[in-house]
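Here the structure is laid out as structure tokens; the discussion comes afterwards.
No value in this document is a laboratory result; all are computed from the given coordinates. This one's a predicted model, so the numbers in the text were calculated from it and none came from an experiment. Don't worry about glycine lacking a Cβ; one is built from the backbone with ideal geometry, like all the others, and counts go over all protein chains shown.
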Amino acid sequence: MGTFYENQLKRMFGESELLSADTIFSGKAMISKIGEDLRAKVEFVTARVSGQYEGLKTSIINRKEGVVDSHTVMFHEVIGLKGASRDRKPHVWDDNGKAQWFGFTPTESEYEAIASKVEDYIAMYADQELIENHGMKMGGM
């Protein structure tokens with residue numbers, strides 16, 4: 001079944017060709033092999049207020065040497081402001097362990113837009129030969 005966060009990450013990245021079939025989803029994060037020694041870690045992050053997850057931080061990790069680089073994509077930078085008057089930054093609100101999108105639910109195209117921005121960043125580091133030869137694609141999620 002998975003947590004709310006795991007389900008959201010699977011919804012965004014479940015069809016990604018950049019991620020390996022053995023991608024692990026755990027809590028607010030996922031990690032996937034993108035090269036022989038490279039992993040991509042994507043996790044929900046807060047910006048201003050504890051319990052309000054406003055973006056996704058992607059870290060490229062060399063399993064032998066540590067973090068190579070990281071980048072944060074804020075939801076409002078990709079899908080704009082939300083709410084009745086379009087004045088609220090989109091975020092997941094975690095209230096005592098019950099998480100949900102606050103004031104709206106992303107459309108399928110908004111999920112795809114967020115995933116695309118993260119995938120563009122991962123693609124800069126992903127081993128293209130590994131992707132082409134092994135057809136890295138999420139399976140059974």
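Using 7 Å Cα-to-Cβ label points, what is the ARG86/GLU108 separation (nm, one decimal)?
It is 2.4 nm.
With each label point set 7 Å from Cα along the Cα-Cβ vector, what nm distance links SER116 and ILE24?
3.2
Going by average Cβ density within 10 Å per residue, which order do the peptides 29-36, 93-100 take, highest to lowest?
Put in order of decreasing packing, that is 29-36, 93-100.
Tell me the angle of helix 108-123 to the major Cα principal axis of the chain, expressed in degrees between 0 and 90 and rounded to the nearest ten.
Value to nearest ten degrees: 40.
Would you mind ranking PHE102, PHE75 by Cβ crowding within 10 Å, fewest neighbours first?
The fewest-first ordering by Cβ neighbours comes to PHE102, PHE75.
Using Cα atoms only, what is the angle between the long axis of helix 4-13 and the major principal axis of the chain, expressed in degrees (0 to 90) to the nearest 10?
Taking the Cα atoms of the chain, the angle to 4-13 is about 60 degrees.
For the residues ASP22, ASP87, what sequence is obtained by ranking on other C-beta atoms within 10 Å, fewest first?
Sorted ascending by nearby Cβ count, the order is ASP87, ASP22.
Between ARG63 and ARG11, what is the label-to-label distance in nm when each label sits 7 Å out along the Cα-to-Cβ direction?
The answer from the label model is 3.1 nm.
Return TYR53, TYR5, TYR111 ranked ascending by Cβ neighbour count within 10 Å, so the fewest neighbours appear first.
Exposure proxy ranking, most exposed first: TYR111, TYR5, TYR53.
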